[in-house]
Structure formats: C-alpha cells, structure tokens
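S.K.: Please find one structure pasted underneath; my questions will follow.
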Amino acid sequence: MQYITDPKSGNELSILGFGCMRFPRDKTKTEQLILTAVDAGVNYFDTAYIYPGSETTLGEIIYKNGLREKIRLATKLPYRKCAVTDDFEKFFQKQTERLKTDFIDYYLIHGITELDEWRRLCEMGIEGWISGKKKSGQVRQIGFSFHGAQNEFLSILDAYDWDFCQIQYNYMDENYQAGKAGLQKANQKGIPVIIMEPLLGGKLASGLPRKAERLFREADQNSTPASFAFRWLWNQPEVTVVLSGMNSASQLEENLKTASDAKPGMLSYAQSAVFGPVLDAFKESYKVPCTGCNYCMPCTNGVNIPGCFSAYNTSYAMGFIQGFIQYLTSTGSNRRKKHNRAGNCVGCGVCEKSCPQKIRISKSLTDVKKRMEPFWFGAVIKILQKFT
C-alpha cells in the first residue's frame with residue numbers, strides 16, 4: 001500500500017480508503033473484508049451516523065480484532081438532526097459508543113451544501129464545541145463533506161480553519177459540485193482532500209454503456225473500467241485518499257492492485273485521451289445522475305427511487321429489455337400489492353430536499369414511468385402475477 005502524509009496532522013494515510021456506507025449484509029463477510037484490507041495496509045475507514053448499522057458493525061469488528069491503533073477512523077456529525085447545541089455532544093457520544101472508541105481521528109460535518117448551513121451551526125456554538133473536543137483529544141481532525149454548488153464549497157473552505165474535506169469527484173463529475181476547482185483550492189490551502197463516489201455508486205465500474213467499455217478496452221486491454229476510474233483520480237497530485245465501498249473480495253483485490261503502483265502522472269497520453277470519448281458515450285445514455293446513496297429513502301409513498309433510476313439508466317445504457325427486467329424486479333411489480341413503481345410518486349418533493357445530487361426527482365420519476373411503464377405494461381404485470 002502507498003501512503004500520503006496529511007500535512008495538517010502528519011498522519012500517513014493509505015491512498016485507498018474503505019468507504020463503509022454499503023457493507024455486505026453478512027457481518028462475517030464484512031469482517032473478513034476489513035481484516036484483509038487492514039492486512040494489505042488500508043488504514044482509513046469512513047462511516048457516518050446515518051449509514052444504517054455501519055458504525056455499530058465497524059465498531060464491533062475493530063474492537064474484536066484490536067484494530068483501533070492500526071487505523072484512522074472517520075465518521076460524521078448529522079448536523080441536520082441538531083436542533084440545539086447539546087445535540088452535538090449527544091450524537092458524538094452515541095457515535096463513540098457505537099464505534100467502541102473514545103476518540104475520532106477524522107470527524108466531519110456531514111453533507112454541507114451551502115455557507116448558510118455552516119453559519120447556522122456557528123450561531124449554535126459549534127466552533128466552541130469543536131475547540132473543546134480538539135483540546136480534549138476526542139476529535140483529532142475536523143472537516144466537512146460536501147454536496148452543493150462549487151461557489152458554496154469555495155466559500156465554506158474560507159469560513160473556518162478546516163483540517164480536511166471530503167468531496168464527490170470522478171471523471172464524470174470533474175465540473176460538478178466542488179469539482180476540480182474545489183479540489184485545487186483545498187490543496188492550495190494545504191487541506192487534505194478525501195474523495196467519495198469515485199465510481200459514481202458503481203456506475204463507472206459495471207454500469208457503463210457498451211461503447212464506453214469498448215473504448216476502455218481499446219485503450220488498455222489489461223485494465224477494467226473501475227481501474228481506469230481510480231487511476232484518473234490518483235493521476236492528480238491534489239487527491240489524498242480515495243474511498244471505495246468495497247463489498248466483495250474481488251473488488252478489494254482489484255482496488256489494492258490498482259493502488260499498488262498508483263501515482264500522479266501515471267496515465268499515458270493515450271490513456272488520458274480516452275476519457276473524452278467515454279464521457280460522450282456515457283452522456284448519450286445516462287439520463288439521471290443518481291448514485292444510489294439512498295438519502296432520499298424511504299419514500300412515504302413506497303417508491304424505490306434509486307431502483308427506478310438505476311433501471312431507467314440501464315434501459316438506455318444496456319438496452320430496453322435489460323432495463324425493463326431490472327425495473328420489474330427492483331420495484332416488485334409482480335406483486336399484487338405494495339409495489340414500488342415510479343407511478344406511486346405524488347410529487348410531494350420531500351425526497352428532493354435530501355438529494356445530494358439535486359435531482360428533480362418528481363419530474364424524473366415521471367420520465368421513468370413514461371418509459372418503463374408503456375401502454376402494454378399492465379397486461380404484462382397481470383401475466384406475471386398469475387405465476388407468482
């Protein structure tokens with residue numbers, strides 16, 4: 001494993017970090033993945049209060065296997081749940097209890113989208129609370145994760161003496177949210193940048209259009225689309241740690257292999273040039289920029305929002321039949337009751353307030369319904385229901 005020195009703390013951080021939002025349901029499998037990662041030198045683990053079961057599972061595995069001193073632990077304050085100053089401490093204590101630790105190496109304000117949100121927290125006294133936590137050693141480094149417009153990110157960077165930040169960044173999102181300009185400004189300020197969504201929720205690994213897959217193969221037959229995506233990031237000297245939500249041994253093995261010789265400037269001219277045509281191919285078929293983060297869920301009307309968007313995108317990227325089959329299974333359309341189709345949407349807009357990608361979910365679900373539930377859809381459902 002290769003490491004980068006965090007200039008703020010002097011910590012040696014593995015260039016590949018373990019994103020813990022999408023753990024396997026099997027805890028034994030999760031434990032083995034974490035142990036294998038640590039043995040291979042991965043030392044940065046990222047979780048959050050709102051990731052279902054993640055902090056508890058990670059804490060149990062760390063405690064059981066005596067890993068605490070071998071890793072840098074990152075988790076996040078759910079600031080939107082904080083109504084009064086005492087809530088900061090309430091959530092922090094719950095998190096350290098779940099994680100079975102008395103300190104957090106890298107603590108983030110979770111998912112800030114605009115400067116006014118940080119100002120509201122300052123009015124609640126968060127700066128004093130952070131200062132106390134750092135003096136006591138309970139929080140070693142303080143940062144924020146970001147899902148908003150680029151100008152807001154640049155303003156937030158200047159609003160506080162941050163120790164690090166975390167942004168969504170990949171070759172599809174070079175000019176989206178914080179973007180390359182945000183990455184470069186953070187680096188200029190000496191702030192380590194942690195990268196999330198390097199594969200756009202897996203879309204850049206297994207959800208590519210066939211044309212894009214072919215372009216990558218022609219550029220380098222020995223590299224997978226996922227490897228290309230990671231190397232695009234590590235090719236940039238401003239990137240500190242790239243998080244990956246690895247939920248299988250094969251994913252972990254491939255990422256470790258890619259990280260083993262990753263360095264800035266590693267891509268050849270031909271390898272760098274392929275991303276332009278790949279982006280063009282992707283944009284032709286990728287209609288809704290959903291990463292499957294599930295922040296919009298649960299829907300009060302039972303819509304499987306990420307499932308609907310994934311199937312919709314698949315129908316363009318890999319053909320209508322494959323997308324339609326995926327839509328049937330992900331929405332439970334063969335059930336007589338409690339299906340989770342796009343047609344359930346009533347346009348309430350509640351989900352849109354939580355979407356990091358700022359997707360117009362209600363409108364997009366209308367588009368999904370038009371494509372995935374054509375005039376013959378009802379007849380197909382009746383036939384399926386006879387056999388289920």
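Read-outs: derived from the displayed coordinates by stated rules, not from any lab. Predicted, not measured: the structure shown is a model, and the values here were computed from it. Ideal geometry is used to build each Cβ from the backbone, glycine not excepted, and the neighbour counts take in all protein chains shown.
S.K.: Near LYS27, which lysines are there with a Cα under 20 Å away, not counting those fewer than 8 places off in the same chain?
M.R.: LYS64, LYS100
S.K.: Note down the nm distance, to one decimal, between modelled labels 7 Å out along Cα→Cβ at ASP161 and at ASP367.
M.R.: Distance between label points: 4.6 nm.
S.K.: Would you kindly calculate the mean projected area, averaged across all directions, of the convex hull enclosing the Cα atoms of the range 47-148, in square nanometres?
M.R.: Its average projected convex-hull area is 6.1 nm².
S.K.: Karplus couplings for the range 139-148 from phi (6.51 cos²θ - 1.76 cosθ + 1.60, θ = phi - 60°), rounded to Hz, Gly and Pro as x?
M.R.: Values, residue by residue: 10, 8, 9, 10, x, 8, 9, 9, 9, x Hz.
S.K.: Return the subset of LYS90/LYS134; LYS29/LYS70; LYS189/LYS353 for which the Cα-Cα distance in this structure is over 25 Å, preserving the input order.
M.R.: Numbers: LYS90/LYS134 17 Å; LYS29/LYS70 20 Å; LYS189/LYS353 31 Å.
Where the Cα-Cα span goes over 25 Å, the pairs concerned are LYS189/LYS353.
S.K.: Hey, another quick one. Regarding the range 305-386, what are the three Cα extents along the principal axes, ordered largest first, in Å?
M.R.: 39, 29, 19
S.K.: Sorted from largest to smallest, which semi-axis lengths in Å does the alpha carbon gyration tensor of the chain give for its equivalent ellipsoid, taking the root of 5 times each eigenvalue?
M.R.: Values: eigenvalues 235, 135, 88 Å².
Listed largest to smallest, the semi-axes of the chain are 34, 26, 21 Å.
S.K.: Give me the distance in nm between label points sitting 7 Å out from Cα along the Cα-to-Cβ direction at LYS263 and ALA249, one decimal.
M.R.: Between LYS263 and ALA249, the label points sit 3.2 nm apart.
S.K.: Under 5 Å between amide hydrogens, which residues at least 5 positions from GLY111 or on another chain qualify, with H placed 1.01 Å from N in the peptide plane?
M.R.: Excluding prolines and chain starts, which carry no amide H, the hits are SER145, PHE146.
S.K.: Output the lone cysteines of the chain: those with no second cysteine's C-beta under 4.7 Å from their C-beta.
M.R.: CYS20, CYS82, CYS122, CYS165, CYS290, CYS293, CYS299, CYS308, CYS345, CYS348, CYS355
S.K.: Quick check on the exposure proxy: order SER248, SER272, SER54 from fewest to most C-beta atoms within 10 angstrom.
M.R.: Fewest to most other Cβ atoms nearby, the residues stand as SER248, SER272, SER54.
S.K.: For the range 305-386, what relative contact order do you get, as a whole percent, if you take Cα pairs closer than 8 Å and at least 6 residues apart?
M.R.: For the range 305-386, the relative contact order is 28 percent.
S.K.: Nearest-5 percent of antiparallel DSSP beta bridges in the range 1-131?
M.R.: 25 percent
S.K.: At what distance in nm do the modelled label points of GLU213 and ALA181 sit from each other, each positioned 7 Å from its Cα along Cα→Cβ?
M.R.: 3.6 nm
S.K.: Can I ask one more? Enumerate the calculated ³J(HN,Hα) couplings along the range 241-255 in order (Karplus 6.51 cos²θ - 1.76 cosθ + 1.60, θ = phi - 60°), each rounded to whole Hz, writing x wherever the residue is Gly or Pro.
M.R.: Using θ = phi - 60°, the values come out as 10, 10, 7, 9, x, 7, 10, 8, 4, 5, 5, 4, 4, 5, 5 Hz.
S.K.: Take VAL350, VAL288, VAL241 and order them by how many other Cβ atoms sit within 10 Å, fewest up front.
M.R.: On the way: VAL350 12, VAL288 20, VAL241 28.
Placing the least packed residue first, the sequence is VAL350, VAL288, VAL241.
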